[in-house]
Structure formats: structure tokens, C-alpha cells
1. Considering each of I65, I33 in turn, give the residue that is at pLDDT below 80 and in a loop (DSSP other than H, G, I, E, B).
2. Just to be sure, is I33 exposed (fewer than 13 other Cβ atoms within 10 Å of the Cβ) and either among the hydrophobic types (A, V, I, L, M, F, W, C) or more than 17 Å from I70 (Cα to Cα) (or both)?
3. Can you pull out every residue in region 53-71 that is among the hydrophobic types (A, V, I, L, M, F, W, C) and closer than 16 Å to P20 by Cα?
Amino acid sequence: MQIEKIAVYNLMNKFVYSNPELMKKIISARHYIDDGAGLFEGTTVEFRIWIADVNKTLLSHGLIIDEYQIEDPGKYVTLT
């Protein structure tokens, strides 16, 4: 199972985190063992467009982000 987590991180790093166009509205991004978190500077609609662009980028590698949560800054959230 650990190799899959490393593979996901490598794909995210290669195709998302290192892509200046995809990261231009990202204030902060953190990748944990099998999860991630970050701050996006924009509207909810812009974030949904960003997720669609990220998924379009990752789809050919068999990966999509299908779980995410949008909240106002300063609000603590957990995904269940």
C-alpha cells in the first residue's frame, strides 16, 4: 500500500505541484501520507474549475481527485 501512496505523490508533484499554471492561485499546499490540504485564492466556482483542470491533467495517469471540501479560511474541517 505504501508504494501506491508514493506513486500518487510523485504524480501530483510532477503534473500538479510543479505546474505554474495550475498552482498560480494556490497559496499553500501540503501532501500527507494519503491526503492533502491547501489554501486556494479565488471563488468557489474558480476552485471547482481548478479541480476539473487538475483531474483532466491526472486522468491519463489513472488518478482523479474525487473527495474535496471547500470552507471559508479559518474554519477547521475534516473529511469523513
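1. Numbers: I65 fails: at pLDDT below 80.
After applying the criteria, what remains is I33.
2. Working: exposed (fewer than 13 other Cβ atoms within 10 Å of the Cβ): yes; either among the hydrophobic types (A, V, I, L, M, F, W, C) or more than 17 Å from I70 (Cα to Cα) (or both): yes.
So I33 passes the test.
3. Of region 53-71, the ones among the hydrophobic types (A, V, I, L, M, F, W, C) are 54, 58-59, 63-65, 70.
Of everything in region 53-71, those that are among the hydrophobic types (A, V, I, L, M, F, W, C) and closer than 16 Å to P20 by Cα turn out to be V54, L58.
The values are calculated or read from the model by the stated rules, or taken from the named source; none is laboratory data. In this text, all values refer to a predicted model and were calculated from it rather than measured experimentally. Using ideal geometry, Cβ is built from the backbone for each residue, glycine included, and neighbour counts are taken over all protein chains shown.
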